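Heads up, the thing below is written out as structure tokens.
The values are calculated or read from the model by the stated rules, or taken from the named source; none is laboratory data. Keep in mind it's a predicted model, so treat the numbers as computed, not measured. Please note: Cβ atoms are built from the backbone with ideal geometry, for glycine as well, and neighbour counts cover all protein chains shown. Accessible surface is based on the protein model in full, side chains and every heavy atom, while ligands, DNA and RNA are left aside. Shrake-Rupley method; radii C 1.70, N 1.55, O 1.52, S 1.80 Å.
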Amino acid sequence: MLSVLRVHLPSDIPIVGCELTPYVLLRRPNKDKSVISEDVSESAPIDGYFLRYKWYRIQSDKKVAICSIHPSEQATLQCLGCVKAKLPVTKSYHCSPKCFSDAWQHHRVLHERAASAVNENGNEEEEIFGRFNSTGSGVTNASLASSQSSGSLANGTTPLYPAAITQRNGSETWFEVGRAKTYTPSADDIGHALKFECVVVDAETKLPVGPSSTILTSRVIPAPCPTPRRMFSVSGVDIPGHLDLDGRLSSSGTFTVLSYNILSDAYATNELYSYCPSWALSWTYRRQNLLREIVGYRADIVCLQEVQSNHFEEFFAPELDKHGYQALFKRKTAEVFSGSINNIDGCATFFRRDRFSHVKKYEVEFNKAAQSLTDAVVPIAQKKTALNRLVKDNVALIVVLEAKFSNQGVDNPGKRQLVCVANTHVNVQQELRDVKLWQVHTLLKGLEKIAASADIPMLVCGDFNSMPGSAPHTLLALGKVDPMHQDLVVDPLGILRPASKLTHQLPLVSAYSSFARMGVGLGLEQQRRRMDPNTNEPLFTNCTRDFIGTHDYIFYSADSLTVESLLELLDEESLRKDTALPSPEWSSDHIALLAEFRCKPRTRR
């Protein structure tokens, strides 16, 4: 007889919107008693048996509030200041006086924002939290409602039925909520434990055979929602509130570009990020939180790095398709990588179909460029050593798009408005400075060829794994590298000589350097304090326990584009309350960068 050996969950803390799929280990009733973990459905029984699943919600008569800081803990006190300010009630709960005291420095900002909104327009709820519902979730939750609700409807093999009371035990009531192996907790489950039940059933009689195997979870917690980030006009006028309802920040002649290293699941290990709760580090949680954040920005063009191949195909492409995005992907090459082909990450570029159409795609494989370089300039005896140093599997994805929106003030109204967007992730190894610089130079030379063939604005986005002032950053921002730059000292293959060849003619400027050139305005001084005055770049875009610094950039061609507004930067202090990134609030170790651009009017040639 088929028998259940073991049942367990990857995480014992269930989160609203995040699938729960138990691991069920079975022993087959054959001679060798083989062990399997595949699902055994009624439509495909094994040796005359299949598995029947049920999920229950254990509902106590006593109402339970959840701590806003430690969502796995029950709340014991409530901030009356939040109640008075009409803030979302979930933000007001804390599990202990110490929890409230430790969080006060950040918590009081909620009160200050509400008070500020009252002073400005007397309507704090609409201004600050108008698009945020009582669960503390933002406009992004509303936009994801269709996909999440469809997931809830899949909590059984038939359309979701009203929860039926199945058992009463003292002060507890057990409701049956699902009949599939996978269950997605809903808002109705918050504060309640869940029970999973699995039993072997005879395919002929449809009767259970043997005892059932069960798991009890801890209480379901709401998905922590990232604090909304505002857009600031670089002309010095603060854009009030957060992103507007349809994501449009100004006239139709502008467009927005997002660049975000989302942290591949393959790299998100408990060893590297031991300070992040395991449930918040799990992919089932992070993917929903990342999607919520990305969709909430409503960017016209989205450049993501560290997107695993299987996650692109199975999650990001179909989910963002629901929100009007077309997807393009370039996987890293696999000459160095030794794991599963599905776990290889790459660069994914998405664009809104109602704003742009796809014209052309170019794929840059730095491994191929390395082969060509060594064939041309490296002696045969050193070729293997050179390739070992240069071949790192990094790639870039270049996409040419045509705008569907009008560009006001253009002298040639009948001419197509094209935009070239490069998305890359440069090698991470800090000791390979020559390789980083060579990869960036190779990419820029490719972009120069595209620019020479068409009058086209350029955007260069990504994680360059290079700090401001480094040789790769200097080459991007200034178009050349000083021959005496310290990064050029490391050049064992001689690929950077002569230094005079390290140039390009693209008039690139870092979008976030615009913060350093802003006028005076509400909140702008705060943004300046989050910039490095020496480099005119953010103080950080990557923040872990052991490292903080800037590796991510959005460069644009200043002769054809102007920056209209920028997404506010985060301050280190607010992130350190969770030690570092990733955290329950922010699901990557990088922060997202978002810039709004306007195409400059083109003169006739």
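Total residues in the range 89-134 satisfying the condition of being open to solvent by less than 70 Å² (accessible area, probe 1.4 Å), of a type outside the set (Gly, Ala, Ser), more than 22 Å from ALA187 (Cβ to Cβ) and modelled with pLDDT of 80 or more: the figure is 4. Scanning the range 529-556 for residues that are more than 30 Å from GLU448 (Cα to Cα), touching a helix residue (DSSP H, G or I) at 6+ places or on another chain (Cβ under 7 Å) and touching a residue at least 40 places away in the same chain (Cβ under 8 Å) yields one hit, CYS543. Do we find a residue being open to solvent by less than 50 Å² (accessible area, probe 1.4 Å), free of Cβ contacts under 8 Å to residues at least 40 places away in the same chain and at negative phi anywhere in the range 492-509? Checking the range 492-509: at least one residue is open to solvent by less than 50 Å² (accessible area, probe 1.4 Å), free of Cβ contacts under 8 Å to residues at least 40 places away in the same chain and at negative phi.
Every listed requirement among (1) open to solvent by less than 30 Å² (accessible area, probe 1.4 Å); (2) over 30 Å from GLU271 (Cβ atoms) is met by HIS551 save one, (2). Screening THR562, THR535, THR579 for residues that are closer than 18 Å to PRO468 by Cα, of a type outside the set (D, E, K, R), out of contact with any Ser or Thr (no Cβ under 6 Å at 6 or more places or on another chain) and open to solvent by 10 Å² or more (accessible area, probe 1.4 Å) leaves exactly one candidate, THR535.
One line per residue, one yes/no per condition, for (1) assigned to a loop (DSSP other than H, G, I, E, B); (2) of a type in the set (Val, Ile, Thr); (3) touching a residue at least 60 places away in the same chain (Cβ under 8 Å); (4) under 29 Å from ASP188 (Cβ atoms):
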position	(1), (2), (3), (4)
CYS18	yes, no, yes, yes
VAL24	no, yes, yes, yes
ASN30	yes, no, no, no
ASP39	yes, no, yes, yes
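Across the range 213-232, the number of residues qualifying as at pLDDT 90 or above and either open to solvent by 60 Å² or more (accessible area, probe 1.4 Å) or under 23 Å from ALA299 (Cβ atoms) (or both) comes to 7.
Results for (1) of a type outside the set (Gly, Ala, Ser); (2) assigned to a loop (DSSP other than H, G, I, E, B); (3) out of contact with any strand residue (DSSP E or B) (no Cβ under 8 Å at 6 or more places or on another chain); (4) at positive phi, shown as yes or no for each residue.
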{"site": "LYS33", "(1), (2), (3), (4)": "yes, yes, no, yes"}
{"site": "LYS54", "(1), (2), (3), (4)": "yes, no, no, no"}
{"site": "LYS98", "(1), (2), (3), (4)": "yes, no, yes, no"}
{"site": "VAL109", "(1), (2), (3), (4)": "yes, no, yes, no"}
{"site": "ALA114", "(1), (2), (3), (4)": "no, no, yes, no"}
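A Cβ distance below 7 Å, combined with a sequence gap of six or more or placement on separate chains, defines the contacts here; from the range 71-88, residues that are under 16 Å from ARG108 (Cβ atoms) and open to solvent by less than 70 Å² (accessible area, probe 1.4 Å) reach residues that are small (Gly, Ala, Ser) and not in a loop (DSSP other than H, G, I, E, B) in the pairs CYS79/SER92; CYS82/SER92; ALA85/ALA114; LEU87/ALA114. Just to be sure before I move on: is GLN526 surrounded by fewer than 19 Cβ atoms within 10 Å (Cβ to Cβ), of a type in the set (S, T, N, Q) and either outside any loop (DSSP other than H, G, I, E, B) or touching a residue at least 60 places away in the same chain (Cβ under 8 Å) (or both) in the structure I sent? Criteria met by GLN526.
On the basis of being part of a strand (DSSP E or B) and under 22 Å from LEU581 (Cα atoms), does VAL364 make the cut? No; evaluated as a whole, the condition is false for this residue.
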